[in-house]
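Reviewing the structure listed below.
The values are calculated or read from the model by the stated rules, or taken from the named source; none is laboratory data. Source: prediction; values computed, not measured. Note that each Cβ is placed from the backbone with ideal geometry, even for glycine, and that neighbours are counted across all protein chains shown.
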Amino acid sequence: MFARFALLASALIAVPALAEDLPVIIKIPRLTMEAADKIAHGAVAACRKQGIQITATVVDRSGDPMVVLRDTLAPPVSIKISREKAYTAVNFNAPLSTMEDRFSKPFSVGKVKGLIFSAGGIPISAAGNIVGAVGVSGAATGEQDEACAKAGIDSILMELEMAGT
């Protein structure tokens, strides 16, 4: 009995000690509006070179839109789809092309409103931290959407890699 009491007492004493070691705040890297704008413009420009009109949405690490660019002839529905692709990519921290068949069963997470598991969404990382995602919609295939999303990120890749140094 005494041994159990001693074990419980030592556990209760250890918890405050661990809590004291934790920081009061956490510094979280954030994507700037200017960087988000460059990524969106880079994605639109890459698709335009192929004669494709798309919408590009860049979200922050919370999945909230920062920049939405809809090219002149991109279908209006591409606004919602590009946003949901970006939201899904940032929440799962993976290119959506790698997840297309992952959640295909009925009642799976893939059926949650606001998530789209279709190629065209890519997370954005800077200095090893996820800072957002870009979603593209409007091309004939998800592969074309994803290529343009990747081109948008590549347009500022050096700055993203050098962030935090």
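List, please: which pairs have Cβ atoms under 8 Å, are six or more places apart or on different chains, and start with a residue in the range 59-81 that is over 13 Å from ILE39 (Cα atoms) and end with one that is among the charged types (D, E, K, R) and assigned to a loop (DSSP other than H, G, I, E, B)?
Qualifying pairs under 8 Å: ARG61/ARG30.
Among the residues of the range 20-66, how many are among the basic types (Lys, Arg) and modelled with pLDDT under 95?
Residues flagged as among the basic types (Lys, Arg) and modelled with pLDDT under 95 within the range 20-66 amount to 2.
Could you list, in sequence order, all residues of the range 140-165 that are of a type in the set (Gly, Ala, Ser) and more than 23 Å from ASP64 (Cα to Cα)?
The answer is ALA140, and nothing else.
Suppose we filter the range 25-52 for residues that are in a helix (DSSP H, G or I), over 20 Å from LEU73 (Cα atoms) and free of Cβ contacts under 8 Å to residues at least 40 places away in the same chain; how many remain?
Count: 2.
Could we say that SER62 is crowded, with 24+ Cβ neighbours inside 10 Å and among the small types (Gly, Ala, Ser) here?
No.
Which of the residues that make up the range 125-149 are without any contact (Cβ under 8 Å) to a residue 60 or more places away in the chain and either part of a helix (DSSP H, G or I) or aromatic (Phe, Trp, Tyr) (or both)?
GLY142, GLU143, GLU146
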